[in-house]
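The values are calculated or read from the model by the stated rules, or taken from the named source; none is laboratory data. On a predicted model such as this, the values are computed, not experimentally measured, just so you know. Cβ sites come from the backbone with ideal geometry, for glycine too, and all protein chains shown count toward neighbours.
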Amino acid sequence: MADVITYRDAVAEGIAREMRRDPSVVCLGEDIGAAEGVFKTTVGLLKEFGPDRVWDTPISEQAIVGAAMGAAMTGMRPVAEIMFSDFLACCYDYIANEIPKVRYMTGGQVTVPLVVRTANGGGLGFGAQHSQAVENWVFAVPGLKIAAPSTSDDVVGLMAAAIRSDDPVVFFEHKGLLATKGPPAAEGHVVELGRARTMRDGDDVTLVALASTVPVALDAAERLAGEGVSAEVIDLRCLVPLDVAAVLASLEKTSRLVVIEENPYQGGWGGTLVSVVADEGFDLLDAPIKRIAAACVPLPFADALEAQVIPGVDAVTERVLELAAY
Amino acid sequence: MADVITYRDAVAEGIAREMRRDPSVVCLGEDIGAAEGVFKTTVGLLKEFGPDRVWDTPISEQAIVGAAMGAAMTGMRPVAEIMFSDFLACCYDYIANEIPKVRYMTGGQVTVPLVVRTANGGGLGFGAQHSQAVENWVFAVPGLKIAAPSTSDDVVGLMAAAIRSDDPVVFFEHKGLLATKGPPAAEGHVVELGRARTMRDGDDVTLVALASTVPVALDAAERLAGEGVSAEVIDLRCLVPLDVAAVLASLEKTSRLVVIEENPYQGGWGGTLVSVVADEGFDLLDAPIKRIAAACVPLPFADALEAQVIPGVDAVTERVLELAAY
Amino acid sequence: MTETTVRPASELDAHDVLALYEQMQLIRRTERAAHDLFMSGLVKGTTHLAAGQEAVAVGASAALRPDDYVFATYRGHHHAMARGATPEECLAELMSRATGLCRAKGGSMHLTKASSGMLGSYAIVGSHLPMAVGAAWSARLRGTEQVAVAFFGDGTTNIGAFHESLNLAAVWRLPVLFVCENNFYMEYTPIGAVTAVPHPAADRAGAHALPSEVIDGNDVLVVYDAVRRAAERARAGDGPTVIEAETYRHFGHSRADPATYRPADEVERWLDHDPLDIARDRLGALNVSDDAVEQADARARRVVDDAIEAAKNAPDADPAEAFTDVWADGGNAWRT
Amino acid sequence: MTETTVRPASELDAHDVLALYEQMQLIRRTERAAHDLFMSGLVKGTTHLAAGQEAVAVGASAALRPDDYVFATYRGHHHAMARGATPEECLAELMSRATGLCRAKGGSMHLTKASSGMLGSYAIVGSHLPMAVGAAWSARLRGTEQVAVAFFGDGTTNIGAFHESLNLAAVWRLPVLFVCENNFYMEYTPIGAVTAVPHPAADRAGAHALPSEVIDGNDVLVVYDAVRRAAERARAGDGPTVIEAETYRHFGHSRADPATYRPADEVERWLDHDPLDIARDRLGALNVSDDAVEQADARARRVVDDAIEAAKNAPDADPAEAFTDVWADGGNAWRT
Ligand SMILES: Cc1ncc(C[n+]2csc(CCOP(=O)(O)OP(=O)(O)O)c2C)c(N)n1
Ligand SMILES: Cc1ncc(C[n+]2csc(CCOP(=O)(O)OP(=O)(O)O)c2C)c(N)n1
Ligand SMILES: [Mg+2]
Ligand SMILES: [Mg+2]
């Protein structure tokens, strides 16, 4: 095994491991087979598992996700790719009304063990319709688990958990992280859904991050250390289940919370996390809670404009310093 | 004029007033014409304005909202009906990716003065796919204004503002309020988008509500008064623009905040409001912030089960009493 | 009927056809009961009754294997019952009882009997067609020779998911049947007013290179034969078929809708073409005595009367049910 | 060309055809520039170039009135330019300049020139077809006799919005043209592998009772004539038409895609059927001298060279632009 692997390759590796373990795991999506994925996240799958298990579909997002649902209800474990997460809007009926509800509304008669994987997030100059961080769209609907790894070993470990899960999981792969590298995941590596990971210990302030904002938070923490502020960085890894306990535990120590999101402030997942803390963790707080999220505008094309909208290390460092001084 | 009017009739009245003023206002949707709307919220429109301006469509939510967008870009002011708000998921690409972004991504070249009206919310035993309060789905996307009136005069006043707005507006009509009655709106009544309304003054705690939760909050406030707790009730009326200033102003007085939502706790709009307050209003707070929202489950069919999921007067009263005792 | 008994309609004997007739009676009576219970306030929320459309469900089910999959709409009582749900389970569901088919969490629009392959009733128009395609794909992958059937209304043919499904199923040559119950109306609007072609389903099949048939959906044996042939083709690997079964609903669209938007002579013509009458004629031709038919009627009546009683007397759903079955572990925890 | 000059192609004179040719050259050279600038890092994000597909845009635009509406996809540079956007505005947009067509907020995928009726390029497959239907409805309501045209790819015909649009437009007999640029590929997958019919757009028109035509999309006069006839029908109240224009892209799908998934002989065949060559042959038949053609080439080259320089030298977009144009008042305030 190489001693580093890209996040991108970890996606294909994570899927392949599960396909080897379990013949009921099958993939479908646009250009995932012969083309090996628009983001090269399905490299090798067609070759290893053949066209029966790796199906190229037409541009029919509703049919893709709806068919995955029907297959999941009848004994398969489909992994459906929606190429860009923005296109979840094109099959949102399945995301919002069908997949998360069918088990409940049938009184538990059916099970929907499927994964919808999708490339999420901005920073690449893809403009308003191909850059969004839309984990909040999915978080708005009870009944879906949500994974959004920030490292290549978590990609593999969470992919294993997602595919083995008997509950539907939406799996966000961040476009901005695809080229990042990390140690390869050990054989059989599985990361339980809903367990946050403390990426850096600290005493003064808790930075809660997800996916692309994890490296931002880590870089900011490094800079903050230079300014004498000790920041703890928590990678949530999943939004559902949401590991509130990990955040509250950290606040016992730091008493200051900053949540760093890529999705827009308006309607972002951080609002829910903050509201739990402002209720159950109120007595722990020594200062206002800060959310650093994308501005409430569509994503602009130009780099320089996009950098204004999506929070970067400078903005985070500055805001945390202000808070630390509170 | 009758001295009371139902919320239901106020919808048709509000639309009719604008259609009379402005020939560019046109309506489209399923069963809105000859059938006068599944909820009877378009009664009289076909008769008064004819089939050119009140068009019955096929069951094609994407075409309905997409066509409204195209018409709005070319000089009309369309009012598109999506019968149940759950079906916004069937045209969510237009709600999330197209309508709110086209002005921005063209550098301001086009304007989209349209209204998407829809029957929202639960409490009627319509089950998991026809009962949701989905204002949070729309709130998750920057670029849309959101109105959700609780009274029949606000229906008329906000409808006027929504139709006259050069920005796209999603207009939530609450199914549970359709039969409620109130004084008719004065001629020319317009309610500016983004202005909350204080429905009851109070000193001890601020209850923030929207649409169906306004009467719940008012009933709870009445009961709380009996328990010696003076509750101020704020009807947000709109989610975008969000009248945070009104909430902060009330907290100057009460120092205690309870947000009452019908959408699920997870991803609900209250999270965002609370996060602003936990930041900018932190020093005003004397107690934890409470959100009372729907449980994070799909909506069940049976009355008795649905009542467990959607917060009612008992639950609100009880939780506020606890908070007041903090 | 199991696999080996899926013979052509012409080979069905009096006993077989009487069984189909009795099942239609059972559905008809259950639908009437549902209507009356709704009107008397014992059924809450909404109902979309299938009285008048029984032959589609009963004919189709009889032509399928027990392990085939069925997906239906909010107007799905007939499909649930044709696939083994009892009138009692159905009525109990409508009446919010603990003994309901979906433990009172689904209601009229979501009747489901997964244990006999009836994989749900869906209330968003068109949403279940892709699911049926997926179930057919799954059958192919597992090599089971099962067939999946999606039943849907005429109005459904104008929503995008319909076309996406037909194309995907056609390209993959999947064992799926698309059965349109063309009852000529959406909610209150005639389908012809909003559809560019006269046969909303069948006239669209060609756009996806699929074979199609327009049939009398009120003749249970015609439905049976069309579905039998299509299922045979599907199992043989010859891909999907579109069947447009013309039929008519006896009640309004939903709840208390009096359906005054339908011309009186049209209603009359269709009431004269009642699937029960047609089946009775078929029985006559097979020399089944009036007496035998009346006995079937009486059995159906008894079952439904008993079902009404049992449902009325069943316990209400436990409010705690509101918080179960979100996740496969039975719970609903979304956070630590 | 204004309304009165929309004559049949057979009546166009040498001057007219030379103008079409020059416009195609302009587009071709701008696309090459965009490619080179992307490769050299001056264009960020992504591009989807239309080199090879110029005849569709230029032929169609010439057959429309200036006040007609056009809606295009992320592969829309040619439509923007055919409707009046200058190479400089386009390249400046791609290079994130303040002078860009969309003030650097849209980028390659969203070129828009609303002032001349080019109402946008949309990056979600199929999303703009309903918009074109709506614009046509609006034209009808306002009594302007304008026509709306949606251009889209072959892959778009398998998404639901396509069918919803065709049906709605057909039922309402709206003045809208659905012009498919069939370049035989989605991103990297051949359209034939995922589509049930051989002509993805034209073979679907019948499902909505619409007339259709499959044409050589690389012959600018063929496109011109087909669009002219369809627009005439639309303006006369005879409803929509589906035109499937067969064409081919000279570059890969996007960015640096080398398009190795396309068979060499296929590529060669299509490069031999270049719209510029075909137009040159047309010009020859009209006795236009090689010299006149070369002068047109030179003019196009100069315009594009100047455009590249101007765009390079233009100021970067102002970062403050990120916060304008959300609302009609120019601002972005979502709260008090
Ligand atoms: C996507 C969507 N749009 C609208 C509705 C509201 N609605 C429920 S039933 C119905 C009519 C459906 O007509 P058809 O498909 O012919 O079925 P039928 O009711 O006649 O059985 C409509 C518009 C819905 N449930 N889903
Ligand atoms: C709804 C949606 N699904 C997928 C994509 C990703 N995507 C972009 S272009 C493309 C291929 C489109 O093919 P076609 O319609 O033939 O247009 P062409 O690129 O050939 O011009 C795909 C799949 C998208 N943009 N939108
Ligand atoms: Mg119907
Ligand atoms: Mg193509």
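Descriptive notes on the structure:
- Positions within region B:244-272 being more than 8 Å from every other protein chain (Cβ to nearest Cβ), assigned to a helix (DSSP H, G or I) and not basic (Lys, Arg), in sequence order: B:VAL247, B:LEU248, B:ALA249, B:SER250, B:LEU251, B:GLU252, B:THR254
- Output for region B:123-139, where each listed residue is buried (at least 24 other Cβ atoms within 10 Å of the Cβ) and farther than 20 Å from B:GLY66 by Cβ: B:PHE126, B:GLY127, B:ALA128, B:GLN129, B:HIS130, B:SER131, B:GLN132, B:ALA133, B:GLU135, B:ASN136, B:PHE139
- Condition met for D:PHE152 (farther than 30 Å from A:GLN308 by Cβ and within 14 Å of chain C (Cβ to nearest Cβ)): no
- Look at region B:30-43: where a residue is of a type in the set (Val, Ile, Thr) and a partner is within 16 Å of ligand 3 (Cβ to nearest atom), sitting 6+ places away or on another chain with Cβ atoms under 6 Å, you get B:VAL38/B:ASP31; B:VAL38/B:MET83.
- Filtering C:LEU166, C:LEU210, C:LEU177 for residues that are within 20 Å of D:ASP203 (Cβ to Cβ) and not in a loop (DSSP other than H, G, I, E, B) leaves a single hit, C:LEU166.
- Among residues of region B:91-132, those that are farther than 30 Å from D:ALA322 by Cα and not hydroxyl-bearing (Ser, Thr, Tyr), counted: 13
- Elements of the type strands (runs of 3 or more DSSP E) sitting completely within region B:141-213 and holding at least 1 residues that are surrounded by fewer than 18 Cβ atoms within 10 Å (Cβ to Cβ): these cover B:197-200.
- Checking each residue in region D:286-327 for being of a type in the set (S, T, N, Q) and under 16 Å from A:VAL309 (Cβ atoms) picks out only D:THR324.
- Note on region D:172-205: among residues that are over 15 Å from A:SER60 (Cβ atoms) and more than 15 Å from ligand 4 (Cβ to nearest atom), the one that is farthest from the other protein chains (Cβ to nearest Cβ) is D:LEU177.
- Pairing residues of region D:150-162 that are under 15 Å from B:ASP93 (Cβ atoms) and in a helix (DSSP H, G or I) with residues that are acidic (Asp, Glu) and within 16 Å of ligand 1 (Cβ to nearest atom), at Cβ distances under 7 Å and at least 6 apart in sequence or on separate chains, gives D:GLY160/C:GLU164.
- Selection over region A:51-67 of residues that are of a type in the set (A, V, I, L, M, F, W, C) and out of contact with any Phe, Trp or Tyr (no Cβ under 8 Å at 6 or more places or on another chain) gives a count of 4.
- Yes/no for B:ALA231 being farther than 30 Å from C:LEU94 by Cα, outside the structural domain of B:ILE146 (by TED's automatic domain parsing) and surrounded by 23 or more Cβ atoms within 10 Å (Cβ to Cβ): yes
- Check on B:ILE59, within 16 Å of ligand 3 (Cβ to nearest atom) and either buried (at least 24 other Cβ atoms within 10 Å of the Cβ) or within 14 Å of chain D (Cβ to nearest Cβ) (or both): yes
Residue by residue, here is whether (1) within 16 Å of ligand 1 (Cβ to nearest atom); (2) surrounded by fewer than 23 Cβ atoms within 10 Å (Cβ to Cβ); (3) of a type in the set (A, V, I, L, M, F, W, C) holds:
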| site | (1), (2), (3) |
| --- | --- |
| D:LEU18 | no, yes, yes |
| D:ALA57 | no, no, yes |
| D:ALA62 | no, no, yes |
| D:THR73 | no, no, no |
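- Residue in region B:113-124 that is within 16 Å of ligand 3 (Cβ to nearest atom) and under 22 Å from C:SER254 (Cβ atoms) present: no
- Residues in region B:51-68 that are touching a Gly at 6+ places or on another chain (Cβ under 8 Å) and within 16 Å of ligand 2 (Cβ to nearest atom): B:GLN62, B:GLY66.
- One residue from D:VAL70, D:VAL43, D:VAL133 being β-branched (Val, Ile, Thr), more than 19 Å from D:ASN183 (Cα to Cα) and in a loop (DSSP other than H, G, I, E, B): D:VAL43
- Positions within region B:301-321 being farther than 18 Å from B:GLU261 by Cβ and not aliphatic (A, V, I, L, M), in sequence order: B:PHE301, B:ASP303
- Hey, D:VAL326 crowded, with 18+ Cβ neighbours inside 10 Å, free of Cβ contacts under 8 Å to residues at least 24 places away in the same chain and not in a helix (DSSP H, G or I) or not: yes
- Test: D:ASP257 is away from ligand 1 (no atom under 16 Å from the Cβ) and touching a helix residue (DSSP H, G or I) at 6+ places or on another chain (Cβ under 7 Å): no
- Failed criterion for C:ARG29 (all others in (1) within 14 Å of chain B (Cβ to nearest Cβ); (2) of a type outside the set (Val, Ile, Thr); (3) away from ligand 1 (no atom under 16 Å from the Cβ) hold): (1)
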